[in-house]
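The block underneath contains the structure these notes are about, expressed in structure tokens.
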Amino acid sequence: MPEGVLCNKNKVSTLEQLQALLADKSGKQYYQEMNRLEVDTKALWDLVQKTCKSRIRTWLEICTHCGLCAESCFYYLANNRDPRQVPSYKIQSTLGQIVRRKGQVDNAFMQMAMDTAFSKCTCCTRCGIYCPLGIDMGVMFSYLRGLLFSQGFTPWEMKIGTGMHRVYRAQMDVTTEDWVETCAWMAEETADEWPGLEIPVDKEGADILYTVNAREPKHYPEDIAQAAILFHLAGENWTVPSEGWEETSLAMFAGDWEASKMQVESVYGAMHKLRPKRMVVTECGHAYRATVIEGPYWAGLPSGKTPVESLHYVEWVAEALRTGKLKIDPAKRIKEPVTYQDSCNYIRNGGLWEAARYIMSQIAEDFREMTPSREHNFCCGGGGGLNGIGRYREQRNVGLRVKRDQILATGAKLVVAPCHNCWDAIRDLEEVYEIGIRWSFLKPLLINMVEVPEHLKPEE
Amino acid sequence: MYEFVTGPLAWLAFAVFFVGIIVRLVLYVRGLDWKLDRVTYSVNTAFGVRGAVRSILFWLFPFGTQSYRNNPGFTLALFAMHIGLIVTPIFLLGHNILLQERWGFSLWSLPGAVADLLTIAVIVSALLLALRRIALPEVRIITTAYDYLLLAVAVAPFVTGWIARYAYVHSQAWLIVHVLCGELFLVAIPFTKLSHFVLFFATRAQLGMDYGIKRGGMKVKGISW
């Protein structure tokens, strides 16, 4: 069966393979090879028979083709109500066909399915809450991505991302040494201003185990410093693990369930080793979804829960504000109109909308909800890994229009977006459509408005 | 002929229908897999049950959900059709008389005018839903001939029943056609997507449990459907 050097059914598990993929600029060779990649229809059908059980089969079968899912999909709305963007159509013409044809599909079909699964669905799962029969097409598209991945049909960046998880246990090439050094560096820099501040690594029995998105040590180390300052001001007994610090999962976006399991097990390993009371995840939506919501299932934990209780950053902030660990200086609250981007992964799929509302009630004087909001909110436009895939940049940018219009309708110029993907999508939205907005994580906003206890005040 | 279609054939149709829907439900539940579906159905079950009940109840009432409220015309037609489809055959006087004759018991019966109204509601709603399939591009693209066929199978007993009731000629023949259509409808339920007659409750309960147990249901009151 012909397989490419870069585009094939094998998993990327060595540094050399990773480097070869990275050297192929924009995946040019990778996608050329994909045109010649043969579908192992037998293996595909075997996998479907093993993993496509009554839940998904029933969904595919009993869809009454009523079309109520159409308006729930931001892609449908952003593409001038193109009927080809109706969720039911998209899933029936891809996964539905694979099941109906018993896996007898060809290369062109698989590429079409890949393009659909990645550039016409961000797995935001909004359609599922608008379907009278409870058919969750986001869940099915995620499943489809897994089938495609098993046959080597995954976007170039996803192939790299899953390789990163396999090689580094992180979505980027950040080693344990890089991570620990970045923490030490940030602690040193920040301690000048905040005497006594530490970023304790591998402290056993801490109250909080803090875990991040690899982008933070790689590109935004100040985010780690900001987290440290806020933990410091709140008087938390916290630590970071030297290994198992990465919460994100490009493997989840790609449907590489084996790598998804490896990644979350590294975090659970840190929990077992360091025995913290709780874990807190940084301001990242899919990281929380992967490690806290879905991860226990990949790891086969019968409780469906992480080994220790795990909180998204907004939960920790809401709790710190409620208990008075962090106090907001009323004079420094946000005065201008401000809105909040509800991330699909921890709001709709994690139920944390109340925590977010509580935070906004404490930090903003003119908080304006988007319409719709909370669990009904639209995807930012960059979810499901889409922000990072060059092949679908144009489709992504069209999809951003819905979020653009939602933000514009609030009249707010500041968008609080405690999710890396949402944050990126809104940044790109401003770059593409220039609507004059700013966007922020919670940490930098909070640092500017929390009251500093007397004994922690920086030396003049 | 009449004796046969309302006797042994009716027995057979009811048997296939009841056994069929039970088998469909059992197969559905047996095919659930906590690891693959990523829902711990048997851990934190109380949250799951709450999620399932909410997920079913909100969708069981017209305008109970955002999706219904966004589409009032569709919702009215949908509910008119489904209420008529279920209520009319069970509580029709004619059916009850037959039931009394054959099996020695009967249920409460609808006044004739109400039964007529419900029948018209089913036929008109089905017609509107069929037109909707043609008129709206987002529905047209996913509609197949099979969808029209099933709609016809569901509505045929009502059309033929109406004719049998009011026909001046061949009313006995129409009655037989009506009974056959009703039996076809019953038998079609377990074998086609009309199985949503029971699987609606199954899939709604499943997604409700998913949200109730895993996707935030243990942190908040529940998703607002």
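The values are calculated or read from the model by the stated rules, or taken from the named source; none is laboratory data. Remember, it's a predicted structure, so these values are computed and weren't measured experimentally. Cβ: placed from backbone, ideal geometry, glycine included. Neighbour counts: every protein chain shown.
Quick one: in the stretch A:82-102, which of the residues that are in a loop (DSSP other than H, G, I, E, B) and at the interface with chain B (Cβ under 9 Å from one of its Cβ atoms) is nearest to A:G146 (Cα to Cα)?
Residues of the stretch A:82-102 that are in a loop (DSSP other than H, G, I, E, B), as a first pass: A:82, A:86, A:101-102.
Imposing the further condition that a residue be at the interface with chain B (Cβ under 9 Å from one of its Cβ atoms) reduces the set to A:82, A:86.
Working: A:D82: 26, A:V86: 21 Å.
Ranking the qualifying residues of the stretch A:82-102, first place goes to A:V86.
Taking helices (runs of 4 or more DSSP H) that do not extend beyond the stretch A:176-270, which have at least 3 residues that are modelled with pLDDT under 95? Before the answer, list the steps.
Values: elements: A:176-193, A:215-219, A:221-234, A:250-254.
Filter on the stretch A:176-270 gives A:176-193.
Scanning the stretch A:219-228 for residues that are out of contact with any strand residue (DSSP E or B) (no Cβ under 9 Å at 6 or more places or on another chain) and not aromatic (F, W, Y) yields A:H219, A:P221, A:E222, A:A225, A:Q226. Restricted to the stretch A:87-130, and to residues that are under 20 Å from the mean Cα position of the chain (by Cα), among the hydroxyl-bearing types (S, T, Y) and on the phi < 0 side of the Ramachandran plot, which residue is surrounded by the most Cβ atoms within 10 Å (Cβ to Cβ)? The selected residue is A:T122. Restricting the stretch A:122-138 to residues that are part of a loop (DSSP other than H, G, I, E, B) and away from chain B (no Cβ under 11 Å) leaves a set whose member that is nearest to A:R348 (Cα to Cα) is A:C124. Checked against (1) buried (at least 24 other Cβ atoms within 10 Å of the Cβ); (2) more than 30 Å from A:L456 (Cα to Cα), A:P241 passes all but condition (2). Quick one: count up the residues across the stretch A:66-77 that are in contact with a Phe, Trp or Tyr (Cβ under 9 Å, 6 or more places away or on another chain) and either touching a residue at least 60 places away in the same chain (Cβ under 8 Å) or of a type in the set (A, V, I, L, M) (or both). Adding up the residues that qualify gives 6. Taking the listed residues A:V314, A:V308, the one that is touching a Leu at 6+ places or on another chain (Cβ under 9 Å), within 20 Å of A:V212 (Cβ to Cβ) and either modelled with pLDDT under 95 or surrounded by 24 or more Cβ atoms within 10 Å (Cβ to Cβ) (or both) is A:V314, with no other qualifying.
Got a sec? Which of B:V19, B:V122 is surrounded by fewer than 17 Cβ atoms within 10 Å (Cβ to Cβ) and either among the small types (G, A, S) or more than 14 Å from chain A (Cβ to nearest Cβ) (or both)?
Numbers: B:V122 fails: surrounded by fewer than 17 Cβ atoms within 10 Å (Cβ to Cβ).
Answer to the check: B:V19.
Scanning the stretch A:317-334 for residues that are surrounded by fewer than 24 Cβ atoms within 10 Å (Cβ to Cβ) and part of a helix (DSSP H, G or I) gives A:A318, A:E319, A:A320, A:L321, A:R322, A:T323, A:P330, A:A331, A:K332.
For the stretch B:67-79, a residue qualifies if it is assigned to a helix (DSSP H, G or I) and either of a type in the set (F, W, Y) or farther than 13 Å from A:G134 by Cα (or both), and the qualifying residues are B:Y68, B:R69, B:N70, B:P72, B:G73, B:F74, B:T75, B:L76, B:A77, B:L78, B:F79. Selection of the stretch A:287-331 for residues being in contact with a strand residue (DSSP E or B) (Cβ under 6 Å, 6 or more places away or on another chain) and within 14 Å of chain B (Cβ to nearest Cβ) yields A:Y288, A:V292, A:E309, A:S310, A:L311, A:H312, A:W316. Here A:R393 fits the description: under 21 Å from A:S142 (Cα atoms), free of Cβ contacts under 8 Å to residues at least 60 places away in the same chain, outside the structural domain of A:I293 (by TED's automatic domain parsing) and in a helix (DSSP H, G or I). Selection over the stretch B:179-200 of residues that are within 11 Å of chain A (Cβ to nearest Cβ), part of a helix (DSSP H, G or I) and among the β-branched types (V, I, T) gives a count of 1. Filtering the stretch B:60-118 to residues that are without any contact (Cβ under 8 Å) to a residue 12 or more places away in the chain, of a type in the set (A, V, I, L, M, F, W, C) and away from chain A (no Cβ under 14 Å) leaves B:I86, B:I97, B:L99, B:W103, B:F105, B:A113, B:V114, B:L117.
In this structure, is B:V139 of a type in the set (A, V, I, L, M), within 11 Å of another protein chain (Cβ to nearest Cβ), free of Cβ contacts under 8 Å to residues at least 12 places away in the same chain and in a helix (DSSP H, G or I)? Let's see the steps before the verdict.
Working: of a type in the set (A, V, I, L, M): yes; within 11 Å of another protein chain (Cβ to nearest Cβ): yes; free of Cβ contacts under 8 Å to residues at least 12 places away in the same chain: yes; in a helix (DSSP H, G or I): yes.
It is true that B:V139 is of a type in the set (A, V, I, L, M), within 11 Å of another protein chain (Cβ to nearest Cβ), free of Cβ contacts under 8 Å to residues at least 12 places away in the same chain and in a helix (DSSP H, G or I).
Of all the criteria given as (1) closer than 29 Å to A:R322 by Cβ; (2) at pLDDT 95 or above, the one not satisfied by A:K403 is (1). The set of residues from the stretch B:57-85 being among the aliphatic types (A, V, I, L, M), under 14 Å from the mean Cα position of the chain (by Cα) and surrounded by fewer than 20 Cβ atoms within 10 Å (Cβ to Cβ) comprises B:L60, B:I83. Every condition in (1) touching a Pro at 6+ places or on another chain (Cβ under 9 Å); (2) away from every other protein chain (no Cβ under 14 Å); (3) of a type outside the set (S, T, Y) is met by A:K42 except one, and the failing one is (1). Restricting attention to the stretch A:46-65, which residues are within 7 Å of another protein chain (Cβ to nearest Cβ), part of a loop (DSSP other than H, G, I, E, B) and either among the small types (G, A, S) or in contact (Cβ under 8 Å) with a residue 12 or more places away in the chain (or both)? Within the stretch A:46-65, A:T64, A:H65 meet the criteria.
Filter the stretch A:11-27 down to the residues that are closer than 13 Å to A:E157 by Cβ, surrounded by fewer than 16 Cβ atoms within 10 Å (Cβ to Cβ) and not aliphatic (A, V, I, L, M) and list them by number.
From the stretch A:11-27, those closer than 13 Å to A:E157 by Cβ are A:12, A:18, A:21-22, A:24-27; that's our starting set.
Filter once more, keeping what is surrounded by fewer than 16 Cβ atoms within 10 Å (Cβ to Cβ): A:22, A:25-26.
Listed by number, the residues that qualify are A:K25, A:S26.
A quick yes/no check of all residues on (1) in the same structural domain as A:A290 (by TED's automatic domain parsing); (2) of a type in the set (D, E, K, R); (3) over 16 Å from A:L386 (Cα atoms):
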| site | (1), (2), (3) |
| --- | --- |
| A:G134 | no, no, yes |
| A:G138 | no, no, no |
| A:F141 | no, no, no |
| A:L144 | no, no, no |
| A:F149 | no, no, no |
| A:M158 | no, no, no |
| A:G161 | no, no, no |
| A:D173 | yes, yes, yes |
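No other residue among A:E216, A:E181 is away from chain B (no Cβ under 14 Å), crowded, with 20+ Cβ neighbours inside 10 Å and acidic (D, E) apart from A:E216. Taking the residues in the stretch A:335-362 that are touching a helix residue (DSSP H, G or I) at 6+ places or on another chain (Cβ under 6 Å) and away from every other protein chain (no Cβ under 14 Å) as candidates, determine which candidate is surrounded by the most Cβ atoms within 10 Å (Cβ to Cβ). Here the answer is A:Y340.
Tally time: how many residues in the stretch B:34-59 are of a type outside the set (A, V, I, L, M) and within 10 Å of another protein chain (Cβ to nearest Cβ)? Give the derivation first.
Filtering the stretch B:34-59 for residues of a type outside the set (A, V, I, L, M) gives B:34-35, B:37-38, B:40-42, B:44-45, B:47-48, B:50-51, B:54-55, B:58-59.
Subset that is within 10 Å of another protein chain (Cβ to nearest Cβ): B:34-35, B:37-38, B:40-42, B:44, B:55, B:59.
Result for the stretch B:34-59: 10.
Considering only the stretch A:424-441, how many residues are in a helix (DSSP H, G or I) and either free of Cβ contacts under 8 Å to residues at least 40 places away in the same chain or surrounded by fewer than 24 Cβ atoms within 10 Å (Cβ to Cβ) (or both)? Break it down into steps so the answer makes sense when it comes.
At the first step, the residues of the stretch A:424-441 found to be in a helix (DSSP H, G or I) are A:424-433.
From the residues that got through so far, the ones that are either free of Cβ contacts under 8 Å to residues at least 40 places away in the same chain or surrounded by fewer than 24 Cβ atoms within 10 Å (Cβ to Cβ) (or both) too are A:424, A:427-428, A:430-433.
Final tally of qualifying residues: 7.
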